[in-house]
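Single-structure report; data block below.
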Amino acid sequence: MKNSSKKENILVVDDSPDTLEVLQRNLELKRYQVFTAPGAIEAIKILESTPMDLVITDLKMPEVDGLSLVRHIQENFKDTEVMMITGYPSIEGAIEAVKSGAEEYLAKPFTDEELLSAVKNALDKLRVRKAAQKKIRKLPSIRHGLIGESKAMHKVLSAIKKAASSSATILITGESGTGKELVARAIHYNSPRTSAPFVPINCGGIPETLLESELFGYVKGAFTGAAASRAGFFQTAEGGTIFLDEISETGLSMQVKLLRVLQDKEVFMVGERHPQKVDVRIIAATNKDLLSLVKKGVFREDLYYRLNVITIDIPPLREREEDILLLVQHFAIKFAKEFGKPKPRFSENALQVLKSYNWPGNARELENIIQRLVIMSEEDIIDVPDLPPLMRFSALRGVGPNRTLAAVEAGYILSVLASVGNNKTKAAEILGIDRKTLREKLKKIDMPSSSL
């Protein structure tokens, strides 16, 4: 064995002394630290005492062959890459080598350039994998319940800090599942109003006929069934913050009443002739383009400008690739603890799929998927086959120009439903249709809609 100045450690395994000498000389010229072994048994002894970045092994060797060595390394040394070389090249051999865990497969005879290129490729893959593992092991930075180290999230966090120090009305925009309520809570709990209530309201979840009485309260006898006076959400949030999610779902008549609250800081309880003063900060949120709704005449322009004093736009998860692994780590820890299971590990390939997926349901979709994986996984490592079908490669996906429009639409609706854990309300938001329309479409494709 001969060493040179330290760079990456490379172990060359071959039963031919001439091959060992040639490979060692060529690699040392590139300043790699090279170790040699005449067989798999000797190689394993070296691996147990000295960490290796790369093992280059021959396929055909006495006693223990190269494939067995590759499998041994794959299952015992997670930070070591493997490259297979052989004088008996075949497609079957290459496939078997890759299946066993070899990153590169090189057939003899090969040039010095081919050798060094293959070595570089294998070591580059190792660096990428180590960086990914380091990131996934790193506990995520959680601020205000928000997780992310990307530039986009730093921008959001900066906006939260500035908004929290003011008393201005805030409009939060972003796709469904991006965490608009988390941002609203972060603003409230970092503001002077932190000791007062934070009251979240889903405007789209309350029927229009009940929304006024829910928001502003009512007096005894105001309508049939009003046996006693009851305060509304605005009174409940006195001194604090009210979060009006899905503000675009309110009707024009309710928009007029909200405008009055913003202008005059007072509300009229249903059945009451005199207004009540309220000290409440309003944060509104929407996943729709309010300005386009203004142009269509379904959202009041004056209310839009009253709400749009400070705007915080939350980027979709597909624009925050750097944050996906942090979120995977966070949700894996969260649900493993919740369900009393060991925290799962993710294979490099699974992490790559998670990073490259488009995430139409954003962080909420990712949370649902990790929860499902933690519950359903029976092994300690999650690989690509464990991921939902819509995230895995399919040779048939996209095939079929002969498919009808209805079939294409049905497939997309089902994929969106899968992405949000079959939550039909959230699926309707992503699809840009109302719940009634989604219910009708599901009937046509013979899907149950009872939970809609």
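The values are calculated or read from the model by the stated rules, or taken from the named source; none is laboratory data. None of the values given here were measured: they were computed from a predicted structure. Virtual Cβ from ideal backbone geometry, glycine too; neighbours counted across all protein chains shown.
With respect to (1) within 36 Å of the chain's Cα centre (by Cα); (2) not in a helix (DSSP H, G or I); (3) not small (Gly, Ala, Ser), the lone exception for Tyr304 is condition (2).
For the stretch 30-46, a residue qualifies if it is within 22 Å of Leu116 (Cα to Cα) and among the hydrophobic types (A, V, I, L, M, F, W, C), and the qualifying residues are Val34, Phe35, Ala37, Ala43. Of note, Lys355 does not satisfy the criterion of being over 18 Å from Leu146 (Cβ atoms), touching a residue at least 12 places away in the same chain (Cβ under 8 Å) and in a loop (DSSP other than H, G, I, E, B).
A quick yes/no check of all residues on (1) closer than 17 Å to Val280 by Cβ; (2) buried (at least 19 other Cβ atoms within 10 Å of the Cβ):
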position: Lys180; (1), (2): no, yes
position: Pro207; (1), (2): no, no
position: Tyr218; (1), (2): no, yes
position: Phe223; (1), (2): no, no
position: Ala227; (1), (2): no, no
position: Thr250; (1), (2): yes, yes
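In the stretch 156-176, of all residues being surrounded by fewer than 18 Cβ atoms within 10 Å (Cβ to Cβ), out of contact with any strand residue (DSSP E or B) (no Cβ under 8 Å at 6 or more places or on another chain) and of a type in the set (Gly, Ala, Ser), the one that is farthest from Val309 (Cα to Cα) corresponds to Ser158.
For Gly297, the stated conditions do not hold, so it cannot be described as in contact with a helix residue (DSSP H, G or I) (Cβ under 8 Å, 6 or more places away or on another chain), of a type outside the set (Ser, Thr, Tyr) and either in the same structural domain as Ile172 (by TED's automatic domain parsing) or free of Cβ contacts under 8 Å to residues at least 60 places away in the same chain (or both).
Scanning the stretch 47-77 for residues that are among the hydroxyl-bearing types (Ser, Thr, Tyr) and within 17 Å of Val119 (Cβ to Cβ) turns up just one, Thr57. Quick check on my filter: what residues within the stretch 362-380 are over 22 Å from Arg320 (Cα atoms) and among the β-branched types (Val, Ile, Thr)? Within the stretch 362-380, Val374, Ile375 qualify.
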